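**Student:** The structure that follows is given in the form of structure tokens.
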Amino acid sequence: MLHLEDEEWEKMMHVNTTSCFLAVKYAAPAMMKINEGGSEEEGRQRSAKDASNGSIILTASVAGLRSGAGPVHYSASKAAVNSIAQSASWNLRHSNIRVNSICPGLIETGMTATMFEMARQRGTAQKIGQLNPLGRYGVAEGKEVV
């Protein structure tokens, strides 16, 4: 944390948190719009929508729930995503629009490859994912476990 550059913090917050804020900000009003009766628009048939409704799903992380599950800027940004989901749910409670966040645990992907490789080299691979609810990490579909 002490070696984290301000720019790294800002970028992480912008990518992970501001993006979710903007998604809710612009998706919710679109979901509130009512389309009385079907219509044809640009050759497509639009069906009637007689009530405000929808579902917004934000991607957070186990790192936003547990201390030590990720770097401080990543964990803080994902905790903020959970807070956005909770606050937006409250603010939209009378609109029939649901806002939830999902919190996947550690997944072996290209983004986490360096961490996985370092752990394997140190002989600590068995500890990877121990903070996940299942006590293990996940593997992206189509990727073989090494």
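The values are calculated or read from the model by the stated rules, or taken from the named source; none is laboratory data. Remember, predicted model here, so these are calculated numbers, not experimental data. Quick reminder, even Gly has a Cβ in these numbers, built from the backbone with ideal geometry, and neighbours come from all protein chains shown. Ligands, DNA and RNA are excluded from the accessible area calculation, which covers all protein heavy atoms including side chains. Shrake-Rupley method; radii C 1.70, N 1.55, O 1.52, S 1.80 Å.
**Student:** When the chain is fully extended, how far beyond the present Cα-Cα distance does Arg136 get from Ala48, taking 0.36 nm per residue of separation?
**Tutor:** Details: separation 88, 0.36 × 88 = 31.68 nm, distance 4.55 nm.
Answer, rounded to one decimal: 27.1 nm.
**Student:** Another question about this same structure. Just to verify a number: FRET efficiency for Ile107 and Glu5, C-beta to C-beta distance, R0 = 30 Å, to 0.05? If you can, show how the numbers build up before the last one.
**Tutor:** Numbers: r = 26 Å, r/R0 = 0.86.
According to the calculation, E is roughly 0.70.
**Student:** Now for a separate question. What accessible area per residue comes out for the chain, rounded to a whole number of Å², with a 1.4 Å probe? Could the numbers behind the result be given before it?
**Tutor:** Working: 10090 Å² over 146 residues.
For the chain, the solvent-accessible area averages 69 Å² per residue.
**Student:** Beta carbons within 10 angstrom, averaged per residue: use that to sort the peptides 51-58, 113-120, highest first. All intermediate terms of the calculation are to be shown ahead of the outcome.
**Tutor:** Values: 51-58: 14.8, 113-120: 12.6.
For the peptides 51-58, 113-120, the packing ranking is 51-58, 113-120.
**Student:** For the chain, what number of Lys pairs, 8 or more residues apart or on separate chains, have alpha-carbon atoms under 26 Å from each other?
**Tutor:** 9
**Student:** Roughly what angle does helix 19-32 make with the longest principal axis of the chain, taking Cα atoms, 0 to 90 degrees, to the nearest 10?
**Tutor:** 20
**Student:** Counting Lys and Arg as +1 and Asp and Glu as -1, each charge on the Cβ, what is the dipole of the chain about the Cα centre in debye, to the nearest 20?
**Tutor:** Working: 15 positive and 14 negative charges, 113 e Å.
It comes to approximately 540 debye.
**Student:** How far is helix 113-122 tilted off the main Cα axis of the chain, in degrees rounded to 10, range 0 to 90?
**Tutor:** Long axis of 113-122 versus the principal axis of the chain: about 20 degrees.
**Student:** Separate question: If we sort 76-85, 20-29, 98-107 on the protection proxy, mean other Cβ atoms within 10 Å, highest first, what's the order?
**Tutor:** Values: 76-85: 20.4, 20-29: 15.3, 98-107: 17.7.
Peptide ranking by packing, descending: 76-85, 98-107, 20-29.
**Student:** Right, here's the next one. Efficiency by 1/(1 + (r/R0)^6): what FRET value for Leu22 and Glu117, r their Cβ-Cβ distance, R0 = 41 Å, to the nearest 0.05?
**Tutor:** 0.75
**Student:** Tell me the angle of helix 72-91 to the major Cα principal axis of the chain, expressed in degrees between 0 and 90 and rounded to the nearest ten.
**Tutor:** 20
**Student:** Using a 1.4 angstrom probe on heavy atoms only, work out the carbon and sulfur share of the accessible area of the chain in %. Mind dumping the intermediate values first?
**Tutor:** On the way: 5560 of 10090 Å².
That fraction is 55 percent.
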